[in-house]
Amino acid sequence: MRRVVVANDHGAVEVANKVVEHLKARGFEVDHLGVYTNDSVDYPDKAAEACKKFLGGGYEFGVLACGTGIGISISANKINGIICALPQNTFAAEMAKCHNNANFIAFGGRIEYCDPVEEMLDAFIDHDFEGGRHAKRVDKIMALESQI
Ligand code: RB5
């Protein structure tokens, strides 16, 4: 079965639940690492938890969420092997897969998106990496992990 790992901080409980429901409705097996309440937690901890699970294998991709999506996506992108996109809309979500080959997608629970989060998620899921010239660029992104 297609598996997804989901994690969020207290600023994104509602959007994370929405994501989990949608993924389950689409037939994914979802490992939701929480949090489930508004009690304050630190988003780098939730990013680390989800990325560690993902890197352990067996997951198609991961979804992260915090108040803005910014802190948790920055945190995830510090971890070797993770490419976490923070799309503004459905088009960007599609491009995150087609051009960037992202393995994580992030959302902001306190952000008013012009497109429903479910549609952004679908755009990410239902497209494939195009490879070609984009592969060279993604390889360059990954090479930055051991440079500079
Ligand atoms: C938590 O209050 C908030 O800072 C966090 O959810 C996120 O928006 C950070 O980028």
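One table, with the values for the structure above:
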{"read-out": "Condition met for ALA12 (surrounded by fewer than 17 Cβ atoms within 10 Å (Cβ to Cβ) and not acidic (Asp, Glu))", "value": "no"}
{"read-out": "Number of the exception - LEU86 against (1) more than 20 Å from ASP42 (Cα to Cα); (2) touching a helix residue (DSSP H, G or I) at 6+ places or on another chain (Cβ under 6 Å); (3) open to solvent by 60 Å² or more (accessible area, probe 1.4 Å)", "value": "(1)"}
{"read-out": "Failed item, numbered, when THR90 is tested on (1) under 19 Å from VAL15 (Cα atoms); (2) in contact with a His (Cβ under 7 Å, 6 or more places away or on another chain)", "value": "(2)"}
{"read-out": "One residue from ALA106, ALA48 being within 19 Å of ASP31 (Cα to Cα), open to solvent by 10 Å² or more (accessible area, probe 1.4 Å) and among the aliphatic types (A, V, I, L, M)", "value": "ALA48"}
{"read-out": "All positions within region 109-143 that are small (Gly, Ala, Ser), open to solvent by less than 40 Å² (accessible area, probe 1.4 Å) and more than 15 Å from the chain's Cα centre (by Cα)", "value": "GLY131, ALA135, ALA143"}
{"read-out": "Helices (runs of 4 or more DSSP H) (entirely within region 1-100) containing at least 3 residues that are within 13 Å of the ligand (Cβ to nearest atom)", "value": "13-25, 43-55, 70-77"}
{"read-out": "Any hit, region 111-118, residues being more than 16 Å from the ligand (Cβ to nearest atom), out of contact with any strand residue (DSSP E or B) (no Cβ under 9 Å at 6 or more places or on another chain) and at positive phi", "value": "no"}
{"read-out": "Selection from region 101-116 of residues that are in a loop (DSSP other than H, G, I, E, B), in contact with a Ser or Thr (Cβ under 8 Å, 6 or more places away or on another chain) and aliphatic (A, V, I, L, M)", "value": "ILE111"}
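The values are calculated or read from the model by the stated rules, or taken from the named source; none is laboratory data. Computed from a predicted structure; not experimentally measured. Here the Cβ is made from the backbone with ideal geometry for all residues, glycine too, and neighbour counts use every protein chain on show. Protein only, heavy atoms only, side chains kept; ligands, DNA and RNA dropped before computing areas. Shrake-Rupley method; radii C 1.70, N 1.55, O 1.52, S 1.80 Å.
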